[in-house]
Structures are given as C-alpha cells and as structure tokens.
Amino acid sequence: MVDDTRIMLTGGHLVDPTNSVNGPADLLIVGGRVAAVGRDLPIDPGTTVIEVPRHGVVCPGFIDMHVHLREPGDEHKETVATGVAAAVAGGFTAVACMPNTTPVNDHAGVTRLIRGKAADVGLARVYPVGAATKGRDGEQLAEIGELHAAGCVAISDDGRPIANALLMRRALEYASMFDMPVIDHCEDRSLAGDGVAHEGYHATMLGLRGLPAAAEEIIAGRDVGLSGLTGSPVHLAHLSSRGSIRAVRDGKTRGVRVSCEVTPHHLTLTDDRLAGYDTNYKMNPPLREAADLDTLLDAVRDGTIDCIATDHAPHHYDEKHAEFDSAPFGVIGLETAVSVCLDRLVHPGHVTLVRLVELMSTNPASILRVPGGTLGVGVPADITVLAPELSVTVDSSAFKSLARNTPFDGWRLRGGVTATIVGGRVVYANAAAKGAEPFTNAM
Amino acid sequence: MPPIADVLTPDGLAAPVGLRTKDLLSIGDLLPEEIYLILDTAEAMKEVGTRSIKKVPALRGRTVVNLFFEASTRTRTSFEVAQKRLSADTINIAASGSSVVKGETLADTVRNLEAMAPDIIVVRHQSAGAGHLVARLCRARVINAGDGMHEHPTQALLDALTIRERKGTIKGLKVSIIGDLLHSRVLRSNVQLLQVLGADVSVCGPATMMLPDMARLGVRATTSIDEAVEGADVVMLLRIQLERMSGYFFPSLREYFQLFGMTPERLRRAKPDAIIMHPGPMNRGVEIASDVADGPYSVILEQVANGVAVRMAVLYLLADELQS
C-alpha cells in the first residue's frame, strides 16, 4: 500500500542552506517525504494543513552526532527509548550513539540490538557508531566491515581514544573502504592522568587534579597529521581548547579531510563554575578558560567548527551526587541544546539561523553520510520547527531523559522547539510553545 | 561583644559573637575581621590549657562528630582535645579508606549522621570539596579538617597564630613556603591567609611540584632554595608525601634533600631571628634536617599547641552561631 498521507506546513519561515532557502515558504509532505517547497502552494483535498506559529522556523531535522544512549548495559542511566524521547523533545530528528555500552558496540549483534530498540520506539532515527577496536581496548581493529553492514555510520573508541598512532592510522585507512569517518575523542591519556578539571587557576585553587589542554591538543594535532597522511576523513569530537582549533584550522587550510564538533556547554561555560564542586560541571573535555571559549565562538563563526553536538552523557543521580573526583564525567544536553544555542549563539548575533542549521543539521548529515540536512524535494521529511522567541526556563525534573545531570537547570533562555517531525510524522509537539496545537493535533 | 574572658568563666554564657558563614570550608570564605576574631579568640582560649582543670562549658550539650576518612593523628587529636576542653560531646568516626570502598556513599554517611542531629561535623577526606558536599547535605556546621589537595583552614589559622605570637604581627613579614607545593592543602590555605594578613609570601619547590597558573596567586615562585630563604622571617616547610611520589616528581629522596632539604647552613641566609615551621608529620632528612627541626628556631611544637587553641576558637565561634 502506498503511503499518500499529505501534510502541508504553511506560514513558516523556511531555512534550508543546501537549497539556499531562507524565507517564508510552505512545505508539502507526501508519504513521509518532502514533495514541494514554495510560496502559497496549492492545497489539495485530503491534506492536513498545519499552520506554523508566528516566528516559527522550519528547518531540516537537527542531528546530534554525539550522544550516549547507555543501552545495552547502563539502563539505569538512560535507555534507547528515553534517549530518543529526549532527542525529539529537544528538536533532534536523529542521533548518533557512541559505542561505550556494555557490551561494547564492537560487533553487529550490539548494533542490531540498538537499531531494533530504536525501531520499536519509532521516534528519532538512531545511527550507531561502532567501536574502532575490539572492546575499545586499542589493541586490534574491530570488525568494521560487519559493523558497517549492520548499520554503523562511523567508528570511534570514544572516551578511550586509540593511543597507538599506527593503529589509528590503520583504523582511518580501513574505515575509508566503507566511506566511514573515524570519530576521535582527543585526549592523550598518559598526560591527562587522573585529572578531573581543566588545568588552570581554578583547578589549582580548588585542589582539583588538572587535565591540561595540551592533552587534547597533542592528539588533535596527531589526528590531523594522520588524516593528511592517509587521506581518510577524521572527525574530532567535542573540541574545547584553543590549540585544538589551531590544529583543525591548519589542517583545513592544507586540505586535510578533518571535521570537528563543539558542545553547547563548551560554548557557554568556563572553569570558574567549578567553585562549589558541583559535579554537573564535571565533563571530559573539561570546561576551559574564557580565551578558549572565545576561540570556540570564533571557530563556530568562521566555519572551522563544522557541528554542534551535545555529548549527551546521562548519569544516575547517585553517581553524580558524590565527591567531585569520584563522580563520573559528563552532562546531558539533548533537551537544552537548541535553547542554549538560540539564546547564546543566534540572538547575540554570533551566528545566523542559516549557520545554526548548518551546524546542527546539514553538516552532521554530510559528515556521517546519512540522509537529512536538507529539505530538497524527495528527501525524508525530517523537520525541526523552531520557536526562536519562545521563553524557556530549563526544568530538569520535566526532562524525558532518565538523567538530570545538566549544568543548565533553572536557566532562562530565549528560544526553543515547537515540534519535531520524523519521516513526515509529528513525533513531538511542545505543549508550552504558543501555536503548537496544530502539531499536537497531527500527532 | 563582651570580652572573650567573660565567656570562658566556668559558668559563663556565650555572647552572640561569631562568623558570618555557616561552615569553615576555605580560608577564602573568611573576611579579614573574621580571621582576626578567630585569632583573638584563640589567644584567649590558650589560657584554658594552662589551668589545672582544662575545661570550660562553652559547648556543653553540643554534639560534635569528627568524621575522618583519611588517617590523621595530630589533627584529629587536636580537634578532640579542643572539643573536650569546651565540654562538647565528641564522637569519632574513622572511615578507613573511602566510603565508596565500604559500599556506602559519602552522601548517605552524612545523611545518617545528620539524622542523629549533630551540631558540628569536622570532616577530613581525601577528595577536594568533600566538605562542601557534606555542608550542602546537613544543617550541622561543617569544619573542613583537610580535603584532598584543596584546603586545611585550621592549619593556616594556627600557623598565623604562631607567627603572630612570635613576631607580633604578620604584616610585612617575608614568609617562604618550601616543599611539595602541588599536593599541599596547607599551602593553599596559607597563601590566602598570609596574603590577607599582609605577608610577603614566596614559594619554592621542584619545578614538577609547582602549581599550575601560580602567577595569578600573587606569590613569588622559585626553584632555588637559597633565593627562597634569603632574608626570610618565617620558613615554612611542607611535607613530602612519600606515599604520593611515583618517581615522576623527583628522582630520589636523596636528591630531594640535596636540592630542597632545609639544613642549618641554608638557614643562615634567613633573618637571624627567623622561625622554622612545619605542619607535620615531618620526614626528617627529607624536607628538613633534624638539626633544624630540633633547633632553636623551630616553633613546630608551638604550632601543635596553638592548634588546640585555634580549633577551640573555631568550634566556639561556630557553635555560638547555633544559639543566635
């Protein structure tokens, strides 16, 4: 049976960088795919018409290319079901989930399990990232071909980066056969040691063991070098320091196939937040200094940074409610990223809405070689509808995520999500957003 | 505010003097006038220790818990003596290793204690900020008796009391702190306190044990011990924590002593009336030669005596807040 469900989004402001659209336009969805884009499209009988609220912005679906869904193994922190519910509530139509599960996603069985769970839930699309090495032990390559066949879109030993440069070279070369990027968490763990906070004045005064920026920069530099050597694409995850940005700039200038991402928290918070030892400011890479944050903002503006990704890292309350040095690293981000980025990046004028869509949709899709990132005719109708003027007060107790470990709790932010559409189906409508009722009715 | 002596009579009642903050977690939380209040109160408390019956009723009926997650003889005993001299009901809990090892979280340990309604909890823990976590979880006043590499505020206060007794004032004195700077909570508390009190502080240690971003602390740093000692009024030595040294910080104890050990010869560069301090426990022949530790300039045992007085003062001032 052919799906011929027709939905028309009217009256919205459409932003689609790949098709150079940035203005008022209607969008017609037929059978889950974009069928037409333009002004004053004719409405055929049987079409569900959804009027986009005033100031509403219709974008290609946002893709968070760096999340931890914790399943299998750590279902007390998050599950695929709660993670994707958080994703769509945050305006993300797709997420790429890291392989540090238990067992590690280093074989097709785990990949299929994750994809099966995601299919059962049917909210956001889930793209598993496979381990680069068996058990993420950095000793021998995982069966990357089989991981690819099972649905992995990239490989990474996230959190435990491959220390051996030769093995990293081989991973880059091998993965390139499947057109998969290698995603690296840049950290020289022999230098980082047992550090828990950015090495600098604040950690010094608070007696917290330091994580020097150089530990990140050394590996960022190495990876750019290896990508240049092999010609294979490398994607550097959640960069936080000035020196790493220098390494990426240098690589891009030389034509190296390097891309990188930054998190909303590294674009908004610095290490002075550590006073008080709140473990919701403990993450790896750590919050760094104002000069780093300024460089990250510059790099977001000038295109050195390709994507914004949350590094959504759910942890249980009991785990975070501990001594600073024994609490686990990481904060969640799926349900705050859009508001934080609209409030801190778009409204102050650091980036345009068009650039934000590139950072959160177009570029992640192109780096991962997955559908989306565009609203061209014929593509799956994965759509994020933004409410840039919505007044949002972050309330972690209302999160869809199982976890509450956010540094943004209680923040008042300008901008949010009205609705999230995946494959032409409204999967989330924000009851708090003015004018979201037509989306709710269409669910 | 009545004279301190009035509140120390056997039937004296505490007057509402005290500290602005609920807890004593960090020197940085104290205003200069609060630091002077603690030091002045401690001076008055010293007299109690000279009596034949060393006890005043200031903390009668108060329950004080000494919650020590890290081995300590001097500090725990000092707090306990201080508490007993103030007539507090004292409970000692020595948790071997971390609470995590025992299976109970620090938060749960503290919640359980809180349920028994202690008035003051003195906490020592191997993690920086542990006192902050404890303080957030309970109504009891919290005194930080050392949290990882962060701070040891009562140590700095007793050091300041000792210097002030010997030198009359701290303002303008040249104080040199020498040893393992990186891991030292005594250093972090002392640098802040001595700067507030107007001392000219310089620090010295191996380049491997310097503090990152030390320039922002406003202290002079050198790796030359001769330069550090030159003209010093006070030489404070920091313990080399043998258990923490992995061979990465310096090659051997022998070489450490050669380069940074305090010897009578090196001490000649200091002022003739310089005093030698050490927070203990000492490693004789590592950071300090026995001739120096036991020599005429050493005030190391005065520090210990003053520790009781300073802790009495802090306990008294925090407990006083409980009444108001």
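Could you tell me whether any residue of segment A:263-281 is touching a residue at least 40 places away in the same chain (Cβ under 8 Å), hydroxyl-bearing (S, T, Y), within 30 Å of B:L181 (Cα to Cα) and buried (at least 23 other Cβ atoms within 10 Å of the Cβ)? Checking segment A:263-281: at least one residue is touching a residue at least 40 places away in the same chain (Cβ under 8 Å), hydroxyl-bearing (S, T, Y), within 30 Å of B:L181 (Cα to Cα) and buried (at least 23 other Cβ atoms within 10 Å of the Cβ). Scanning segment A:51-60 for residues that are open to solvent by 40 Å² or more (accessible area, probe 1.4 Å) and assigned to a strand (DSSP E or B) returns a single hit, A:E51. Considering only residues in segment A:284-335 that are acidic (D, E) and not in a loop (DSSP other than H, G, I, E, B), the one that is farthest from A:G210 (Cα to Cα) turns out to be A:D302. Looking at segment B:29-43, can you tell me whether even one residue there is at pLDDT below 95 and either touching a His at 6+ places or on another chain (Cβ under 8 Å) or of a type in the set (G, A, S) (or both)? No - not one qualifying residue is present in segment B:29-43. Filtering A:G303, A:G333 for residues that are under 30 Å from A:N100 (Cα atoms), surrounded by 24 or more Cβ atoms within 10 Å (Cβ to Cβ) and of a type outside the set (D, E, K, R) leaves a single hit, A:G333. Filtering segment B:31-46 to residues that are free of Cβ contacts under 8 Å to residues at least 40 places away in the same chain and open to solvent by less than 30 Å² (accessible area, probe 1.4 Å) leaves only B:E34.
Inspect all residues belonging to segment B:275-295 and state whether any of them is within 21 Å of the chain's Cα centre (by Cα) and among the basic types (K, R). Yes.
Looking at segment B:170-273, the strands (runs of 3 or more DSSP E) lying wholly inside it that each contain 2 or more residues that are in contact with a Pro (Cβ under 9 Å, 6 or more places away or on another chain), modelled with pLDDT of 95 or more and within 30 Å of B:H125 (Cα to Cα) sit at B:234-237.
For segment A:13-27, how many residues meet the condition of being among the small types (G, A, S), assigned to a strand (DSSP E or B) and open to solvent by 30 Å² or more (accessible area, probe 1.4 Å)? Final tally of qualifying residues: 0.
Residues in segment B:27-41 that are under 16 Å from the mean Cα position of the chain (by Cα) and outside any helix (DSSP H, G or I): B:L30 only. Can you spot a residue in segment A:245-260 that is open to solvent by less than 10 Å² (accessible area, probe 1.4 Å) and part of a loop (DSSP other than H, G, I, E, B)? Looking for residues that are open to solvent by less than 10 Å² (accessible area, probe 1.4 Å) and part of a loop (DSSP other than H, G, I, E, B), one finds none in segment A:245-260, hence no. Could you list all residues from segment B:187-215 that are β-branched (V, I, T) and over 18 Å from B:A228 (Cα atoms)? B:V196 - this is the single residue of segment B:187-215 that is β-branched (V, I, T) and over 18 Å from B:A228 (Cα atoms). The residue that is farthest from A:V385 (Cα to Cα), counting only those in segment A:79-116 that are charged (D, E, K, R) and surrounded by fewer than 22 Cβ atoms within 10 Å (Cβ to Cβ), is A:R112. Screening B:E287, B:E255 for residues that are of a type outside the set (A, V, I, L, M, F, W, C) and buried (at least 19 other Cβ atoms within 10 Å of the Cβ) leaves exactly one candidate, B:E287. In segment B:164-180, is there at least one residue being within 14 Å of another protein chain (Cβ to nearest Cβ), open to solvent by less than 20 Å² (accessible area, probe 1.4 Å) and of a type outside the set (V, I, T)? Yes; the residues of segment B:164-180 include at least one that is within 14 Å of another protein chain (Cβ to nearest Cβ), open to solvent by less than 20 Å² (accessible area, probe 1.4 Å) and of a type outside the set (V, I, T). Every condition in (1) more than 14 Å from chain A (Cβ to nearest Cβ); (2) surrounded by 17 or more Cβ atoms within 10 Å (Cβ to Cβ); (3) small (G, A, S) holds for B:S189 except the one numbered (1).
Listed here are the residues, each with its yes/no results for (1) among the hydrophobic types (A, V, I, L, M, F, W, C); (2) open to solvent by 60 Å² or more (accessible area, probe 1.4 Å); (3) outside the structural domain of A:K434 (by TED's automatic domain parsing).
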site: A:I29; (1), (2), (3): yes, no, no
site: A:A35; (1), (2), (3): yes, no, no
site: A:L41; (1), (2), (3): yes, no, no
site: A:G46; (1), (2), (3): no, yes, no
site: A:V49; (1), (2), (3): yes, yes, no
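The values are calculated or read from the model by the stated rules, or taken from the named source; none is laboratory data. Here the structure is a predicted model, which means the values were calculated and not measured. Note that each Cβ is placed from the backbone with ideal geometry, even for glycine, and that neighbours are counted across all protein chains shown. Quick note on the areas: whole protein, heavy atoms, side chains included, nothing else; ligands and nucleic acids left out. Shrake-Rupley method; radii C 1.70, N 1.55, O 1.52, S 1.80 Å.
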